[in-house]
Amino acid sequence: MNDQEGNNPERSGAGSGTEYNPPEGELAKVKRGLRSLTGGWRNCDTTGMPVCLDSQFFIRWNAIFAVIFLLIGGIAAILLALTRWETFNLLRTDLFYRVLTLHGLNMLIFWILFFEVAILYFASTTLLNAKLFSRKVGWVSFVLMVVGALMVNWIIFAGEADVLKTSYLPLLAHPAFYLGIILVAVGTLVAVFNFFATVYVARRDRTYEGSVPLVTFGAIAAAIIAVVTLLHGAVAMIPTFTYSMGWTGEPDPLWYRLVWWGLGHQSQQVNVAAMVAVWYMVATLTTGAKPLNETVCRGAFVLYILFINVASAHHLLVEPGMSSTWKIWNTSYVMYLAVLASMVHGFTVPASVEVSMRAKGHVAGIFGWLTAAPWRNPAFSAVVLSLVIFGFIGGITGVTLGTQQINIIAHNTLRIPGHFHATVVGGTTLAFMGLAYYVVPLFFRRDFLWRPLARIQPWIFAGGITLMSFGMSFAGSMGVARRTSDIAPAEEAYGPVVHFFLAMLGIGGVLAVLGLLLFVVLVVATILFGPSNAGRPMKCWGKPAELGANAKATHGRSGDHYTPGTIVLVGIFLAAFVVYYFANWSALADVWPVR
């Protein structure tokens, strides 16, 4: 919760538990703000920043339920992994669809939405020194989301909604399934309203100086995308609910798929905007890094708002209802502006860390700044791994799969889950896990138990997700279908090689779930039994490496020159992108030989 440079009033003693001392000219304004918070605020003992207790309450409970749904989705994940791994083949066909539905909704929707609402409340109150707009509105949002999510899970367990996360018509679930999703969507919209109202009041009352912090700006971008996303959900789900009740006729299935992906894909782009905001926040918390150019970073968030919605078209490239011109324009041209935004963020975050570390004196070699980074801090390692997996695996595969000719071959194979497990799980979920290592001490006021286990948890989870994504992608390249456990066609064509990659998927899934369970155990045990840090700063996770005497002597010497390590990383990324992209075209030429 360090301040963004130039965006918040200075604080004395941040991190030492001393009180917030505003600039002289702001004293009267801050006193008015504190009077409005009488009995409803505290000073953070670590950062010195004022924390609204109403906001803290909802941050805590949204985070708790997020972890609960993460656990449910993780249990389903291990069952699916051991079914895909043919050695076990755990679930029979009907249960496979049930567990896959359970997994998708809890992992891709409920866990992430609840955690994102917690981020919105944090970004609009703590970072802006503001009071939550309405506790009553917060309660309405929370109750709607919890009731809706529990309703969906109950109906899935009852066997009345084996329709997968996409729930494509004419497949039909119990009306409670659609009603539950509608309640979650409405509850999230109410939370987004509370967020925007809080930001407005903070701006009106001038509780912060200058522009909103970059992290809050990223949260605003995520919230804007969320509004568009949830409206798509209402347009798709309300007619489907009325149809399931027998009140209206069946909606057209092609229309449903078109509108549903305005919900299904854009909901993941809300995650991307929130994930990037977490990258910036954790980079600042762990290394003191500041964005090199906030204008460019904010512009990249605007590109998300303007263009990320068209990326939904890559789920519709095999549909007959849209023209090839529309498909190619959306996914092979306009979508790249959203990809550009991700590349800006993906390069700016490590660059800001590099500049910060070199300013501290870590100037040796190309990657001396990186090796000296605070790797013992699980938040830092989680964010770095999130960035690498999202960019190198999820990003490269996603852009490639957005090409119409490649998508036609790959769309109904395991390559698609291989891609989005890298982006949503390896990217978003891992970043949110990293942030939790600060959320729990700062908002639950408990220091983590079993810190050595916490330090290895991100590596176990990231390693498992990486193996699983590779296994899915390669098995999918051999024709293993998604949404079904039947591998007979691919097995006939490729034999034992298919089983090798499915075993890789299974082993990676087991490792990832072990990392997930370890995270859940650490969080729950800490909340229940961790030592209180009330009245004192949270226990430090780890700092950048200390400099040796020689390094200190050379730090800041005029005429020092070095090759920026981030530029080298950019070159490696672009080379990997080119190799993977044209390897796909080579494979495509084998499938469709030129005559």
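Centre-to-centre separation between the Cα atoms of the stretch 192-237 and those of the stretch 464-538: 33 Å. Label zone of PHE582 (point 7 Å out along Cα→Cβ, amide N under 17 Å): in the stretch 381-423 this covers 400. Looking at the stretch 204-296, the trypsin sites (Lys or Arg not before Pro) that sit in a DSSP loop and have at most 15 other Cβ atoms within 10 Å of their own Cβ are ARG206.
Scanning the chain for GluC sites (Glu not before Pro) lying in DSSP loops with no more than 16 further Cβ atoms inside 10 Å, the longest uninterrupted stretch between such sites is 210-545. For the modelled label position 7 Å from the Cα of LEU453 along Cα-to-Cβ, which residues of the stretch 418-438 have backbone nitrogen atoms closer than 16 Å? Under cut-off, by backbone N: 437. Between the stretch 363-393 and the stretch 35-109, the alpha-carbon centres lie 25 Å apart. Restricting attention to the chain, lysine pairs at least eight places apart or on different chains and with alpha-carbon atoms under 25 angstrom apart total 12.
Of the trypsin sites (Lys or Arg not before Pro) found in the stretch 85-170, those in coil by DSSP whose Cβ has at most 12 other Cβ atoms within 10 Å are ARG92. Taking 0.36 nm per residue of separation and subtracting the Cα-Cα distance, full extension of the segment from VAL296 to ASP486 would add 63.7 nm.
Other residues within the sphere of radius under 9 Å centred on the Cβ of GLY476, judged by their own Cβ, net out at +2 (K and R +1, D and E -1).
Summing +1 for each Lys or Arg and -1 for each Asp or Glu among the other residues whose beta-carbon sits under 15 angstrom from that of PRO378 gives +4.
Rounded to 0.05, the FRET efficiency of the ARG92 and LEU171 pair, given R0 = 22 Å and the Cβ-Cβ distance, is 0.70.
None of the figures in this text is laboratory data; all of them are computed from the coordinates on show. Owing to the predicted nature of the structure, the values given are computational and were not obtained by experimental measurement. In this analysis, Cβ positions are derived from the backbone assuming ideal geometry, glycine residues included, and neighbour counts consider all displayed protein chains.
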